[in-house]
Amino acid sequence: MNVDARIPLDRPALLDVARIREDFPILRQTIRGKKLVFLDSAASAQKPRAVIEAMREAMETQYANVHRGLHWMSERTTDAYEAARDAVAALLNARDRHEVVFTRNITDSLNLMAHSYGRGVLRPGQAVVISGMEHHSNIVPWQLLRDDRGIELRVAPITDSGELDMDAFEALLADGRVGLVSMTHMSNVLGTYTPAERIVRIAHAHGAKVLFDGAQAVVHRRVDVQALDCDFYAFTGHKLYGPTGIGVLWGRRELLDAMPPFLGGGEMISSVSYEHSTWAEVPHKFEAGTPPILEGIGLKAAIDYVQAIGYDAIAAHETSLIDHALSRLGAIEGVHILGRAQDRGGVVSFSLDRAHAHDVATLLDRQGIAVRAGHHCAEPLMHRFGLDSTARASFAIYTKHDEIDYLADSLARVREFFK
Amino acid sequence: MTDTFDDLRDLYQEVILDHGRRPRHARRLESFDATAKGDNPMCGDRIEVWVKYAPDGTIADTGFQARGCAISVASADLMAETVIGRSKADTHALFEAFREMARTGKCPHCDAALAEPLERLEPLAGVHEYPSRVKCATLAWHALVAALDGGKEASSE
Ligand SMILES: Cc1ncc(COP(=O)(O)O)c(C=O)c1O
C-alpha cells in the first residue's frame with residue numbers, strides 16, 4: 001500500500017495542499033465547464049488514491065469471506081480486515097483491539113448503543129442526555145428507546161453562540177438518574193467542539209457513562225479515548241476519507257462485555273442450537289453477518305493516509321481555513337454565520353438575506369461549487385435558531401484558501417442576483 | 001446590454017425571481033371552499049393553499065402561503081395565476097402536463113388546449129436539469145390538487 005502524503009515531519013503546521021490534491025483523482029473534475037470546488041466534505045469526504053487502490057487490489061488479488069474459510073485467500077483477507085481493527089484501535093488510542101466494533105456507519109453504531117446499552121443495561125426510570133446540536137442519528141434512536149422502554153430523554157440546551165450550556169448540562173445530571181450521556185464531539189452544523197473532557201468529568205461524577213458522536217471530530221482532530229476518559233466513541237468511515245458502508249463503535253471492554261447482542265446471525269455466535277445459542281466474544285458479538293470486508297480494508301488505507309499527514313498539520317490547516325472563511329464570508333453584507341463557538345472545526349453554516357438556502361446552493365452549483373443546503377439532519381437545532389435551513393460549506397485536507405475566496409466572491413454575486 | 005449573471009439565468013429567469021420576490025397571490029382567502037397543505041420533508045418547504053369556486057364549479061380564486069425557496073414560491077404564484085377561471089378537470093390535466101414539463105423539460109403529450117397556460121409556466125421548465133429541485137416546483141400543485149380532491153395534506157414525495 002502506498003501513502004502518497006509526503007509531508008515533511010518537521011513542519012507540521014504547513015500542509016502541502018497541492019500535493020495532497022494530487023492524491024484525490026476526483027478533484028480534477030470539472031462541473032458544467034467549471035473547476036470543481038468541493039465544499040461538502042462534512043457530508044462525505046472524497047477518497048485518496050490509496051483507498052481506491054487498496055480496495056481494488058484486495059478484490060483483484062486476495063478476496064474471500066473472512067473468519068470462516070480455511071483457505072489461503074480467506075486467511076489473507078481476514079488478516080487484512082483485522083488489520084483495520086488495529087488501525088482504528090491505534091487511531092483512537094484504544095487499550096485493547098477487541099474494543100473496536102465495526103458497523104455499517106455511525107447511525108448503525110448509535111442504534112447498536114440504543115439497543116444493546118439502552119435496552120440491555122439501562123433501566124426504566126433512568127435517563128439519557130443528548131445536546132441541542134445533535135444529528136438526527138443521535139436523537140431518533142433515543143426517542144425509540146424512550147417510547148419503548150420508558151427511558152427518559154433529556155436535552156442539554158446550547159447558547160446563542162452555539163456552545164453547550166455547561167451549567168444547564170450539569171443541572172440535568174443532578175438527580176443521579178442519568179445513565180448515559182450521548183453527545184456530539186463536533187457539531188456538523190455549527191462546527192462547535194464540545195468540551196469533551198469536562199463533559200466526561202461531570203458525567204462520571206454523577207454516575208453516567210459517556211458516548212461521543214465523533215463523526216465530524218475524528219476527521220479534524222486527534223482523538224484519544226483514554227485521555228478523554230470516555231466510555232464509548234463512534235464514527236463513520238466515509239467522512240474520514242474512507243469508503244461508505246463501514247462505521248465504528250469503540251467501547252470499554254467491560255461495558256461491551258455486559259451488553260447483549262444487537263443483531264443476530266452468523267459471525268456473532270459461539271454455538272447455536274434450537275434451544276439455546278451462545279455469543280461470540282466482543283467485538284464479534286456485535287458483528288452479525290458478513291462484515292464490510294472491502295470497506296474495512298479501505299478504511300485502514302484511509303487511516304494510514306491521515307496518520308501519515310498527521311493531525312497536527314490537519315488541525316492547523318483547518319483552523320487557518322476556518323479563520324479565513326469566517327473573515328471572508330463574514331464581510332459580505334447580508335450573510336449570517338450560524339454559530340460563533342470559540343473552539344470550532346471545519347464547517348461554516350450560513351444564511352443569506354432574501355435568498356433561501358436551496359437557491360443559494362443551486363446558484364453556487366452553477367458556479368462549480370458544491371455546498372450542502374437544508375436542515376443538515378439537525379431539525380431541532382435549526383429551529384433553535386429560528387431557521388428551516390442553511391447553506392453549509394465544509395472543509396477537508398484538500399481544501400485550498402483560494403477556494404474559499406472563490407466561494408466568497410460567488411456568494412457576493414448570488415447576493416447581488418437576489419437584491 | 002450584457003447580463004453579468006448570464007451563467008445563473010437558466011433556472012432563475014427574471015419571471016421566477018420576480019414572482020419569487022413579489023408573489024401576487026400569496027394570501028389567505030377570506031372565504032374559501034377548499035384548502036390543503038403541502039409539505040416537502042426533504043427540504044422543509046411548506047405551503048398552504050385556499051380555493052374558492054364559482055357557481056359553475058370553476059376556480060374563482062386561489063391564494064397560498066408558502067415557506068420555501070424562490071422556485072417553490074414562484075411556482076405557486078404562477079400556478080395561481082394560471083388556474084383561476086379553469087375547471088377542476090382542466091386543472092388536473094394542467095397539473096399532469098406541468099409535472100411532465102418539470103421532470104423532462106418537455107411535454108410531448110400536451111395537447112393544444114393546454115398550450116397557452118403551459119407557456120405561462122414555461123419559465124419553470126429549467127428545473128428538469130436539477131432533479132433535486134423538481135419537487136420545489138411541483139409542491140404547490142400537489143397541494144392544490146389535494147384541495148380540489150377534498151384532501152387535506154399533500155407531499156411532493
Ligand atoms: C455529527 C454526525 N453524526 C452522525 C452522522 C451520520 O453519519 P452516517 O450517515 O454515516 O451514519 C453525521 C453525518 O451525516 C454527522 O455529521
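The values are calculated or read from the model by the stated rules, or taken from the named source; none is laboratory data. Nothing here was measured: the structure is a model prediction, and the numbers come from that model. With ideal geometry, Cβ positions are generated from the backbone for all residues, glycine too; neighbour counts draw on all protein chains shown. In case anyone asks, the SASA skips ligands and DNA or RNA and just uses the protein heavy atoms, side chains included. Shrake-Rupley method; radii C 1.70, N 1.55, O 1.52, S 1.80 Å.
Within the stretch A:78-93, take every residue that is assigned to a helix (DSSP H, G or I) and open to solvent by 40 Å² or more (accessible area, probe 1.4 Å) and give me the one that is farthest from the ligand (Cβ to nearest atom). The residue in question is A:Asp79.
Screening the stretch A:202-256 for strands (runs of 3 or more DSSP E) wholly inside it with 1 or more residues that are away from the ligand (no atom under 16 Å from the Cβ), crowded, with 24+ Cβ neighbours inside 10 Å and not aliphatic (A, V, I, L, M) returns the ranges A:247-251. Among the residues of the stretch A:170-201, those that are in contact with a helix residue (DSSP H, G or I) (Cβ under 8 Å, 6 or more places away or on another chain) and open to solvent by 50 Å² or more (accessible area, probe 1.4 Å) comprise A:Glu170, A:Glu197, A:Arg198.
Which of the residues spanning the stretch A:333-365 are assigned to a loop (DSSP other than H, G, I, E, B) and either open to solvent by less than 20 Å² (accessible area, probe 1.4 Å) or hydroxyl-bearing (Ser, Thr, Tyr) (or both)? It would help to see each step written out before you state the result.
Kept after step one, since they are assigned to a loop (DSSP other than H, G, I, E, B), are these residues of the stretch A:333-365: A:333-334, A:339-343, A:345-346, A:353-354, A:356.
Selection gives A:Gly334, A:Gly339, A:Ala341, A:Gly345, A:Gly346.
Take the residues in the stretch A:187-201 that are at negative phi and touching a Lys or Arg at 6+ places or on another chain (Cβ under 9 Å), then tell me which one is nearest to the ligand (Cβ to nearest atom). Reasoning before the result, please.
Keep residues of the stretch A:187-201 that are at negative phi, which gives A:187-190, A:192-201.
Within this subset, residues satisfying the condition of being touching a Lys or Arg at 6+ places or on another chain (Cβ under 9 Å) are A:187-190, A:192-193.
Numbers: A:Ser187: 7, A:Asn188: 3, A:Val189: 8, A:Leu190: 11, A:Thr192: 11, A:Tyr193: 12 Å.
By that ranking, first place goes to A:Asn188.
Scan A:Tyr406, A:Tyr398 and give me the residue that is open to solvent by 40 Å² or more (accessible area, probe 1.4 Å), of a type in the set (Ser, Thr, Tyr) and not assigned by TED's automatic domain parsing to the domain that holds A:Met186. Step by step, each of A:Tyr406, A:Tyr398 is checked, and only A:Tyr406 is open to solvent by 40 Å² or more (accessible area, probe 1.4 Å), of a type in the set (Ser, Thr, Tyr) and not assigned by TED's automatic domain parsing to the domain that holds A:Met186.
Just one of the listed residues (A:Gly345, A:Gly368, A:Gly386, A:Gly334) is touching a Leu at 6+ places or on another chain (Cβ under 7 Å) and more than 24 Å from A:Lys35 (Cα to Cα), namely A:Gly334. From the list A:Gly264, A:Gly298, the one residue that fits, being at pLDDT 95 or above and either open to solvent by 50 Å² or more (accessible area, probe 1.4 Å) or under 17 Å from A:Ala87 (Cβ atoms) (or both), is A:Gly298.
The rows are residues; the columns are (1) among the charged types (D, E, K, R); (2) open to solvent by less than 10 Å² (accessible area, probe 1.4 Å); (3) more than 16 Å from the ligand (Cβ to nearest atom); (4) at pLDDT 95 or above.
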| site | (1), (2), (3), (4) |
| --- | --- |
| A:Arg49 | yes, no, yes, yes |
| A:Ala54 | no, no, yes, yes |
| A:His67 | no, no, yes, no |
| A:Glu75 | yes, no, yes, no |
| A:Arg95 | yes, no, yes, yes |
| A:Asn105 | no, no, no, yes |
| A:Ser109 | no, yes, no, yes |
| A:Tyr117 | no, no, yes, yes |
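Among the residues of this structure, A:Arg177 does not count as one that is more than 16 Å from the ligand (Cβ to nearest atom) and either within 14 Å of another protein chain (Cβ to nearest Cβ) or within 13 Å of A:Gly345 (Cβ to Cβ) (or both).
Residue-by-condition table, conditions (1) of a type in the set (Val, Ile, Thr); (2) crowded, with 23+ Cβ neighbours inside 10 Å:
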residue	(1), (2)
B:Asp56	no, no
B:Val73	yes, yes
B:Ala76	no, yes
B:Ala93	no, no
B:Lys135	no, no
B:Ala146	no, no
B:Gly151	no, no
B:Ala154	no, yes
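Among the residues of the stretch A:374-394, is any away from chain B (no Cβ under 14 Å) and of a type in the set (A, V, I, L, M)? Yes, the stretch A:374-394 contains at least one residue that is away from chain B (no Cβ under 14 Å) and of a type in the set (A, V, I, L, M).
What about B:Ala97, is it at pLDDT below 95, more than 29 Å from A:His375 (Cβ to Cβ), in a helix (DSSP H, G or I) and more than 14 Å from chain A (Cβ to nearest Cβ)? So B:Ala97 passes the test.
For A:Ala316, the conditions (1) touching a residue at least 24 places away in the same chain (Cβ under 8 Å); (2) open to solvent by 20 Å² or more (accessible area, probe 1.4 Å); (3) over 20 Å from the mean Cα position of the chain (by Cα); (4) away from every other protein chain (no Cβ under 11 Å) all hold with the exception of (3).
Looking at B:Thr58, B:Thr62, just one residue is among the hydroxyl-bearing types (Ser, Thr, Tyr) and more than 15 Å from the chain's Cα centre (by Cα), and that residue is B:Thr58. Whenever a residue of the stretch A:38-50 is in a strand (DSSP E or B), its partners that are within 11 Å of the ligand (Cβ to nearest atom) and open to solvent by 30 Å² or more (accessible area, probe 1.4 Å), lying with C-beta atoms within less than 6 angstrom and at least six residues away or across chains, give the pairs A:Asp40/A:Arg372.
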